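K.L.:
Got a structure here, written out as structure tokens. Questions coming.
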Amino acid sequence: MTLITTNTSSGAASSDFTSGIDSTYKLYIFKYYDVNPATDNIDFSFQGNAAGQSGFNETMTTTFFRTNHPEDDAEAQIGYQDSFDQAQGTAYQFITYDQGNGGDESAAGTLWLFNPSNTTYVKHWYSRTNYYHYSDGTMEAYVGGYFNTTSAIDEVSFKMASGNMDAVIKMYGVG
């Protein structure tokens, strides 16, 4: 893995990667640490942008499932969250939901984006994130899908569904 860039955000609306995603690598990995929203009970999300286009609004088909274990040792669960899926949607895709914003509440995880410069096939991706749920427990979100475009994806944006965030996000290329 080759570190391409690091975005360190403090009270930012988003963390955008607008350069460095090109045909150099077939795999780009985003590692995010200490993601903490300003707003309690909110969702961390991402979206891509096709080369030559404006706005982060690419069409995606996605799936979302999660595990949880509350601090009070109530029943741990695993479940599919169909309400967080997109079927040819253009919204930012949740990669956490109902995240807490306390000083001891944050998220960390990884998003893999495969062959984003290819102009023959759709662009597959998946993420795995562990985070602190606002109701006091650990959550693990597994989210995957594809950008339904044969255009190159050359920009990626991360943001909260509402409000600002603190975060460290590193982008790596894998050759």
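The values are calculated or read from the model by the stated rules, or taken from the named source; none is laboratory data. Fair warning: this is a prediction, and the values are worked out from it, not measured in the lab. Neighbour counts are summed over all protein chains in view; Cβ atoms, including those assigned to glycine, are modelled from backbone coordinates with ideal geometry. To get the accessible areas, we keep the full protein, side chains included, count just its heavy atoms, and leave off ligands, DNA and RNA. Shrake-Rupley method; radii C 1.70, N 1.55, O 1.52, S 1.80 Å.
K.L.:
Scan GLY109, GLY103, GLY79, GLY145 and give me the residue that is open to solvent by less than 40 Å² (accessible area, probe 1.4 Å) and farther than 30 Å from GLY175 by Cβ.
P.N.:
Among GLY109, GLY103, GLY79, GLY145, only GLY79 is open to solvent by less than 40 Å² (accessible area, probe 1.4 Å) and farther than 30 Å from GLY175 by Cβ.
K.L.:
Let me ask something additional. If I filter the range 148-175 down to residues being β-branched (Val, Ile, Thr) and under 21 Å from SER54 (Cα atoms), which single residue comes out as most open to solvent (accessible area, probe 1.4 Å)? Spell out how you get there, then give the answer.
P.N.:
Narrowing the range 148-175 to residues β-branched (Val, Ile, Thr): 149-150, 153, 156, 168-169, 174.
Now drop any that are not under 21 Å from SER54 (Cα atoms), which leaves 149-150, 153, 156.
Working: THR149: 25, THR150: 70, ILE153: 1, VAL156: 2 Å².
Filtering first and then ranking leaves THR150.
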